[in-house]
């Protein structure tokens, strides 16, 4: 995540700001330039000759992104991906919806930074990316992915609910951003792997993604993760099925890249570790890990100094790094 400043007064901003807390300017995030823009009185701004306006979800989803006014669209790229949301009358769910959309925007920005294709259902009605963000307060909602459609239980927006699940499922990490990164990993398995050139290497590392999923699910929740799983998997959930192993590894790669990019923006990591840096191929991945390990060690020590649990409660054994190196290779291939 980059460092943002108010272009009117110079106040440092967060990615989520829609108002400058110093000069009260109305703000909007411009995705093409990845910059925070100061809006005119009519809540618009001209960037490179094009007029941009605020996303229509500014109140409903607390969205501060801008929309090209010449296209006739009212929703930004991130909000337009949401297919289903709670009813306006469900105030509790609407609040949870806003939190979920905030996390989703952060993930969508990272996908854009990595130049990953964001193909919605308008382009591909059968397999394009879409989100159903639903509340389980009055019905059964199961977080998951099916042919590009990602369903998220908005109860995950509640810190107490999410922490209870994290503890009961013996997970070291559980966040909204993490859910989005994991589920979107399933989408990119379809897009990047499918039955194409990377399929053989995928099966060597993760297994056959066509293995019976329900049988794997039943086995995982009846028997748990196999002994010694930490030598080969980034999480116990990754042991369930090859598709889940990929999704967990993919999500972890996104964790690393975004955190390194943010650390570099605030001078906690080398400038070369940003999304803009040329980090293609094996050499690029090796550099990423060389920067990542000392950074997380120091962050964990800082957390302990404050009496908190480790910020990064993971170990990356050789097999996990090999899988992650493959993820990197299909996202950032060797330059020609």
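Just so it is clear, none of the values below were taken in a lab; they were calculated from the coordinates. Since the structure is predicted, the reported quantities are computational estimates derived from the model, not experimental observations. In this analysis, Cβ positions are derived from the backbone assuming ideal geometry, glycine residues included, and neighbour counts consider all displayed protein chains.
For 85, 2, 199, which order do you get if you count the other beta carbons within 10 Å of each Cβ and list the fewest first? Numbers along the way, then the final one.
Numbers: 85 23, 2 17, 199 13.
Placing the least packed residue first, the sequence is 199, 2, 85.
Expressed to the nearest 5 percent, the antiparallel share of DSSP beta bridges inside the chain is 65 percent.
As a test of the formula, what do you get for the chain when each DSSP H run with n ≥ 4 contributes -39,500 (n - 2.57) and the sum is divided by the residue count, at 222 nm and rounded to the nearest 500 deg cm²/dmol? List each step's numbers first, then the result.
Numbers: 9 runs with 132 residues, N = 336.
Per the formula, -13000 deg cm²/dmol.
Centre-to-centre separation between the Cα atoms of segment 58-128 and those of segment 216-240: 33 Å.
Taking the fewest neighbouring Cβ atoms within 10 Å as the starting point, the ordered list for 110, 16, 126 is 126, 16, 110. Round to the nearest 0.05 the FRET efficiency obtained for residue 222 and residue 73 when R0 = 51 Å and r is the Cβ-Cβ distance. Plugging the Cβ-Cβ distance into 1/(1 + (r/R0)^6) gives 0.60.
The alpha carbon centroids of segment 269-295 and segment 195-213 are separated by 27 Å. Relative to the dominant Cα principal axis of the chain, helix 91-113 is inclined by about 80°.
How large is the Kirkwood hydrodynamic radius of segment 40-165, in angstrom, based on all distinct alpha carbon pairs? After inverting the pairwise mean of 1/r, the radius is 15.7 Å.
Entry note, the chain: relative contact order of 11 percent, from Cα contacts under 8 Å with a spacing of 6+ residues.
With only the Cα atoms considered, segment 201-297 has a convex hull volume of 118 Å³ per residue. Extension gain, residue 83-residue 38: 0.36 nm per intervening residue step, less the Cα-Cα distance, totals 13.2 nm.
The residues 245, 90, when put in order of fewest to most other Cβ atoms within 10 Å, stand as 90, 245.
Top mean-square fluctuation among 227, 211, 290, Gaussian network model of the chain, C-alpha springs under 10 Å? Highest fluctuation of the listed residues: 227. Axis angle, to the nearest 10 degrees, between helix 318-331 and the longest C-alpha principal axis of the chain: 40 degrees.
Shape class for segment 255-336: oblate, because the ratio a/c of the largest to smallest gyration tensor axis (alpha-carbon atoms, square roots of eigenvalues) is 1.5 or more and b/c is at least a/b. Helix 242-265 axis versus longest C-alpha principal axis of the chain: approximately 50°, rounded to the nearest ten.
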